[in-house]
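Encoded as structure tokens, the structure appears first; notes follow it.
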Amino acid sequence: LEVADRDEVWDPPAWAWPVTTILALVGLGLSIYLTIVHYSTAVTLACSSTGTINCEKVTTSPESYLLGRPVAVWGLVYFVVVLVMCLPAAWRSQSQAMKIGRVALAILGVLFVLRLIYAELFEIDAICLWCTAVHAVMLALFGAVLVATAAAGNPPQTAS
Amino acid sequence: MTKDKQAQRDRRDARARAAMTTRPKQGGISGMWMAIGGVIAVVVVIIGMVIYHEATKGNSSPASSAGAGSTSTVPPAVMHDVESVPASVFNTVGIGKQLAYPVAFHGHAPNVGGKPVAAYIGAEYCPYCAAERWPVVTALSRFGKFSGLKATHSSSSDVYPNTQTFSFHGSTYSSPYITFQPVETASNQPQGDSYKPLDTPNALQASMFQTYNGPPYFSQSGAIPFISYSNQYGSQGASYSPQVLAGLSMSQIASALHDPSSPVAQGVIGTANTVSAAVCAIDGGKPASVCQSPGVTAAAKKLGSG
């Protein structure tokens with residue numbers, strides 16, 4: 001996103017906070033479910049475990065770990081941070097750090113989604129429907145944050 | 001508030017009102033296109049990956065008998081079947097029909113890469129190794145991922161001739177839970193009075209083999225296949241009858257793994273649950289989805305019974 005005049009108003013569209021907050025809440029809910037299933041022996045994923053659609057194969061694969069922690073836990077942490085950054089007060093904030101941070105987080109999330117989809121297709125050879133739902137939420141969030149930030153008329157400054 | 005500050009604030013408000021009412025948000029419009037372009041780019045990359053995956057699916061050449069070598073590529077469908085055995089099949093089969101269970105060593109547990117070590121020592125010509133590799137690959141695929149496995153068969157001049165199986169020679173295995181070190185000491189190609197040599201055990205593997213592969217743990221010394229689960233448990237020989245694999249192709253064996261009532265599944269999946277139980281015993285019971293499953297917990301009760 002391009003450099004903007006510091007004096008230009010920051011005016012995010014009215015839909016920005018409700019849409020992104022709802023998406024963050026949905027992503028958080030999915031991540032909580034995946035985390036509970038990961039650590040619980042009493043709960044199993046409501047998902048096929050045969051053929052191409054195989055949640056168990058994906059969630060128990062080596063690729064389901066990052067830096068020694070389950071990806072589901074990283075997703076949970078991610079959506080908590082995103083949720084905070086998508087609350088009305090955060091969207092109204094004039095802070096450049098908040099604006100840049102929100103966009104950077106959205107980009108980081110979608111890049112990680114691309115990595116996970118690659119792993120599912122080419123390394124694990126199975127698709128996890130619950131993970132795909134999280135990916136869809138992440139992509140929608142990415143689009144909503146970028147469009148809302150651009151529509152706000154004063155995109156995060158990349159240079160002074 | 002001073003007059004200067006009030007004037008500065010008024011000018012700023014005026015600029016803001018002008019920006020909202022009379023001047024289009026130039027940065028916003030071009031930024032909007034960039035945002036939309038970014039979303040489209042991501043969607044295009046995802047669609048591209050899916051199309052490429054579908055286009056290349058199954059393009060790998062299936063096992064071919066044209067080559068003179070002792071191994072060939074494992075058909076992708078076979079790997080898929082082995083790696084995607086449903087949890088319900090593992091749990092339905094339980095211990096299945098096994099001839100022997102791992103014995104207890106309770107020795108010093110080696111650690112490689114911060115993980116416990118499971119070592120397999122066998123040979124491509126060996127029919128009992130041919131049988132044992134099926135449950136080992138099936139079980140370990142629940143803890144990690146193999147790559148570079150080859151298709152091969154046991155000796156055509158030994159008992160259970162030409163038993164179809166995998167070869168660990170040249171393969172790699174990655175898992176967050178254990179380090180797996182397989183050794184295929186010889187191929188199935190005769191050379192002199194024996195078979196063409198392949199891998200040489202390293203110091204750790206040789207130590208495991210010499211220390212535990214004989215009395216008082218087993219009646220025979222030095223027999224293969226030999227598996228040590230971090231020197232806590234181990235097995236020697238085939239854990240189920242290789243007869244259940246007789247005359248079957250790799251595809252037929254892999255397909256039968258999904259039928260809990262088939263003799264193949266009773267032998268291979270039953271043993272795979274025991275292999276999983278042994279791995280769970282050395283890796284701290286991870287992952288729970290495998291280690292706490294009914295099939296594996298049933299098999300865990302047989303560990304150490306020989």
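The values are calculated or read from the model by the stated rules, or taken from the named source; none is laboratory data. A quick note: this is a predicted structure, and the numbers were derived from the prediction, not measured. Neighbour counts run over all protein chains shown; Cβ positions are idealised from the backbone, glycine included. Accessible surface areas use protein heavy atoms only, side chains included; no ligands, DNA or RNA. Shrake-Rupley method; radii C 1.70, N 1.55, O 1.52, S 1.80 Å.
Values for this structure:
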quantity: Any hit, the stretch B:178-201, residues being free of Cβ contacts under 8 Å to residues at least 60 places away in the same chain, assigned to a loop (DSSP other than H, G, I, E, B), in contact with a strand residue (DSSP E or B) (Cβ under 9 Å, 6 or more places away or on another chain) and open to solvent by less than 10 Å² (accessible area, probe 1.4 Å); calculated: no
quantity: Single condition B:E124 does not satisfy, out of (1) surrounded by fewer than 19 Cβ atoms within 10 Å (Cβ to Cβ); (2) touching a strand residue (DSSP E or B) at 6+ places or on another chain (Cβ under 8 Å); calculated: (1)
quantity: Any helices (runs of 4 or more DSSP H) falling wholly within the stretch A:40-136 and containing at least 3 residues that are modelled with pLDDT of 90 or more and away from chain B (no Cβ under 11 Å); calculated: A:71-85, A:88-92, A:96-118
quantity: Helices (runs of 4 or more DSSP H) completely within the stretch B:202-306 that count 2 or more residues being in contact with a strand residue (DSSP E or B) (Cβ under 6 Å, 6 or more places away or on another chain) and open to solvent by 10 Å² or more (accessible area, probe 1.4 Å); calculated: B:203-212
quantity: Single unsatisfied condition, B:G114 versus (1) open to solvent by 30 Å² or more (accessible area, probe 1.4 Å); (2) of a type outside the set (A, V, I, L, M); (3) closer than 22 Å to B:A238 by Cβ; (4) without any contact (Cβ under 8 Å) to a residue 60 or more places away in the chain; calculated: (3)
quantity: Residue that is least open to solvent (accessible area, probe 1.4 Å) [pool: residues in the stretch A:120-133 that are of a type in the set (V, I, T) and either under 17 Å from B:I47 (Cα atoms) or free of Cβ contacts under 8 Å to residues at least 12 places away in the same chain (or both)]; calculated: A:I127
quantity: Residue in the stretch B:37-51 that is at pLDDT 75 or above, at the interface with another protein chain (Cβ under 9 Å from one of its Cβ atoms), assigned to a loop (DSSP other than H, G, I, E, B) and open to solvent by less than 50 Å² (accessible area, probe 1.4 Å) present; calculated: no
